[in-house]
C-alpha cells in the first residue's frame with residue numbers, strides 16, 4: 001500500500017475536527033434532551049419527542065444536503081448546515097428559558113438538520129483519501145465523535161445552571177461558539193469541487209441501483225444498527241432517572257456510551273480491511289446482543305455503563321462497515337443521490353426508534369424495550385445470510401464489485 005501524503009492526512013484531521021465540534025450538540029441533546037422535554041412538556045409521554053425530531057431532521061437533511069453539495073460544493077454545503085445549526089442552538093436556549101416545548105422541538109429539528117450535514121464528512125474524506133485509505137479515513141473522522149461525545153455532556157453538566165431558571169440552556173449557548181470555530185476552519189479548507197462527471201454524468205435507473213446486494217446490506221446494517229442504538233440509548237436517561245440515579249451518573253453513562261461509539265474507530269477501518277465488512281457487521285450484532293443481555297440481567301449503574309459501551313461499539317462496527325460497503329455501490333454521477341437516500345433511510349429508521357422509545361418505556365418498561373430490539377437484530381442477521389448466499393451463487397463477474405466486502 002502506498003503511503004498517504006501528509007497533506008491528505010492534515011485535511012482529514014481538519015475534517016475530523018469539524019465533525020467532532022459540530023457533533024458536540026448531538027451528544028448534548030442526547031444527554032439532556034429527554035430531561036428537558038420531561039421538564040417542560042405537559043404530556044410526559046412526549047419527553048423523547050425532541051430526540052425524535054432531532055433524528056427526523058437528520059433524516060430530512062440527507063437527500064437535500066447531498067444534492068446541495070453536488071451543486072455548490074462540500075465547503076459551502078457544510079457552511080449552510082453550520083448556519084442552520086447555530087440558529088437551532090440559539091432557539092433551543094430561548095425555548096428552555098421561556099418553557100416552550102413546541103419551540104424546543106423546532107430547535108432540535110434544526111439541530112438535526114445540522115447533524116444530517118455533519119454526517120456527510122464521512123463521505124467527503126473518501127474523496128480526499130482515495131480507495132486505499134478510505135476505510136481508515138472514514139474511521140478517523142468517526143473517531144472525532146469521541147471529542148464531541150465528551151464535550152456535549154460536559155457542556156450539559158457545566159452549563160446546567162449558567163442561565164437562571166433555564167436548566168441546560170447554557171450548554172446550547174456554548175455550542176454556538178464551537179460552530180463559529182467550525183465555520184472558520186471551513187472558510188479556509190480546500191475541499192474537492194463537484195466534477196463535470198458528478199454533475200452531468202450518466203446515471204443508472206434508480207430501480208437498478210436499489211436492488212444491488214451491496215447496497216441492500218449496507219443500508220440494513222447502518223439503519224438497523226442505528227435503530228437499536230437509538231431505541232436503547234434514548235430510553236437510558238429516563239430509565240436511570242426513574243430509578244433515582246443522579247444526572248451526574250446518567251451523564252457518565254452517556255459519555256462512556258459515546259466513547260464506545262467512536263473510540264473503536266481508530267481500529268475499525270483496519271479491522272474491515274483485514275476481516276471484511278460483513279464479518280464486522282456480525283461482530284456488531286453480537287455486541288448488541290450482549291448489551292441487551294446485560295440490561296435484562298440487572299439495573300445497577302455498572303449494568304447501564306457496560307451495556308451502553310457495548311451498544312456504542314456494536315453501532316460503530318455496523319455503521320462504519322455499512323458506510324464502507326456503500327461507497328462501492330455508485331458511480332460519480334450517482335454519488336449524491338445514493339448517499340442522500342442512504343442517510344434518509346438510516347436516520348429515518350433511527351428517528352422512528354427514538355420516538356418509539358418513549359412510548360415503549362411508558363407502556364412496557366425498560367425490559368420491554370430491550371426485548372423489542374431482538375427482532376431488529378434478527379433482520380440484520382437474515383440479511384447477512386442472504387448476502388452470503390448471493391455471493392456464493394453469483395458469477396465471478398458479478399462478485400467483482402463486492403470484492404471490498406472481504407468475504
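Residue 197 falls short on exactly one of the conditions (1) in contact with a helix residue (DSSP H, G or I) (Cβ under 7 Å, 6 or more places away or on another chain); (2) part of a helix (DSSP H, G or I); (3) surrounded by 13 or more Cβ atoms within 10 Å (Cβ to Cβ), and that condition is (3).
For the range 260-270, indicate whether the set of residues that are under 25 Å from residue 150 (Cα atoms), touching a helix residue (DSSP H, G or I) at 6+ places or on another chain (Cβ under 6 Å), assigned to a helix (DSSP H, G or I) and modelled with pLDDT of 90 or more is non-empty. Write out each step before concluding.
Within the range 260-270, the first condition is being under 25 Å from residue 150 (Cα atoms), and the residues that meet it are 260-270.
Restricting the remaining residues to those that are touching a helix residue (DSSP H, G or I) at 6+ places or on another chain (Cβ under 6 Å) gives 260-266, 268-269.
Subset that is assigned to a helix (DSSP H, G or I): 260-262, 265-266, 268-269.
Restricting the remaining residues to those that are modelled with pLDDT of 90 or more gives 260.
Among the residues of the range 260-270, at least one is under 25 Å from residue 150 (Cα atoms), touching a helix residue (DSSP H, G or I) at 6+ places or on another chain (Cβ under 6 Å), assigned to a helix (DSSP H, G or I) and modelled with pLDDT of 90 or more, which makes the answer yes.
Filtering the range 371-382 to residues that are surrounded by 19 or more Cβ atoms within 10 Å (Cβ to Cβ) and under 17 Å from residue 219 (Cα atoms) leaves 377, 380.
Can you spot a residue in the range 216-224 that is surrounded by fewer than 20 Cβ atoms within 10 Å (Cβ to Cβ) and touching a residue at least 24 places away in the same chain (Cβ under 8 Å)? Within the range 216-224, one or more residues are surrounded by fewer than 20 Cβ atoms within 10 Å (Cβ to Cβ) and touching a residue at least 24 places away in the same chain (Cβ under 8 Å).
In the condition set (1) over 15 Å from the mean Cα position of the chain (by Cα); (2) closer than 23 Å to residue 295 by Cβ; (3) at pLDDT below 85, residue 210 is compliant with all but (2).
Residue 62: touching a helix residue (DSSP H, G or I) at 6+ places or on another chain (Cβ under 7 Å) and farther than 25 Å from residue 182 by Cα, yes or no? Against the criterion (touching a helix residue (DSSP H, G or I) at 6+ places or on another chain (Cβ under 7 Å) and farther than 25 Å from residue 182 by Cα), residue 62 does not qualify. The sole residue among 287, 296 that is surrounded by 20 or more Cβ atoms within 10 Å (Cβ to Cβ) and at pLDDT 90 or above is 287.
Among the residues of the range 321-344, those that are buried (at least 18 other Cβ atoms within 10 Å of the Cβ) and within 21 Å of residue 56 (Cα to Cα) comprise 322, 323, 336, 338, 339, 340, 341, 342, 343, 344. The sole residue among 239, 227 that is under 21 Å from the mean Cα position of the chain (by Cα), buried (at least 18 other Cβ atoms within 10 Å of the Cβ), closer than 24 Å to residue 261 by Cα and touching a residue at least 60 places away in the same chain (Cβ under 8 Å) is 227.
Here residue 270 meets each of (1) under 30 Å from residue 37 (Cα atoms); (2) touching a residue at least 40 places away in the same chain (Cβ under 8 Å); (3) surrounded by fewer than 19 Cβ atoms within 10 Å (Cβ to Cβ) with one exception, condition (1). Among the residues of the range 326-363, those identified as under 14 Å from the mean Cα position of the chain (by Cα) and closer than 23 Å to residue 259 by Cα are 343, 346, 347, 349, 350, 351, 353, 354. Would you say residue 307 is assigned to a helix (DSSP H, G or I), surrounded by fewer than 24 Cβ atoms within 10 Å (Cβ to Cβ) and on the phi < 0 side of the Ramachandran plot? Criteria not met by residue 307.
Being surrounded by 24 or more Cβ atoms within 10 Å (Cβ to Cβ) and more than 21 Å from the chain's Cα centre (by Cα) is the requirement here; does residue 96 meet it?
So residue 96 passes the test.
Hey, among the residues in the range 138-168 that are assigned to a loop (DSSP other than H, G, I, E, B) and touching a residue at least 24 places away in the same chain (Cβ under 8 Å), which one's farthest from the chain's Cα centre (by Cα)? Going through the qualifying residues, I end up with 165.
Scanning the range 353-370 for residues that are assigned to a helix (DSSP H, G or I) and surrounded by fewer than 18 Cβ atoms within 10 Å (Cβ to Cβ) yields 359, 362, 363, 365, 367, 368. Scanning the range 341-385 for residues that are more than 30 Å from residue 299 (Cα to Cα) and touching a residue at least 12 places away in the same chain (Cβ under 8 Å) turns up 341, 342, 343, 344, 345, 383, 384. Exactly one residue out of 286, 323, 313 is under 15 Å from the mean Cα position of the chain (by Cα) and free of Cβ contacts under 8 Å to residues at least 60 places away in the same chain, and it is 313.
The values are calculated or read from the model by the stated rules, or taken from the named source; none is laboratory data. The structure displayed is predicted, hence computed values, not measured ones. Backbone-built Cβ (ideal geometry, glycine too); neighbour counts: all protein chains shown.
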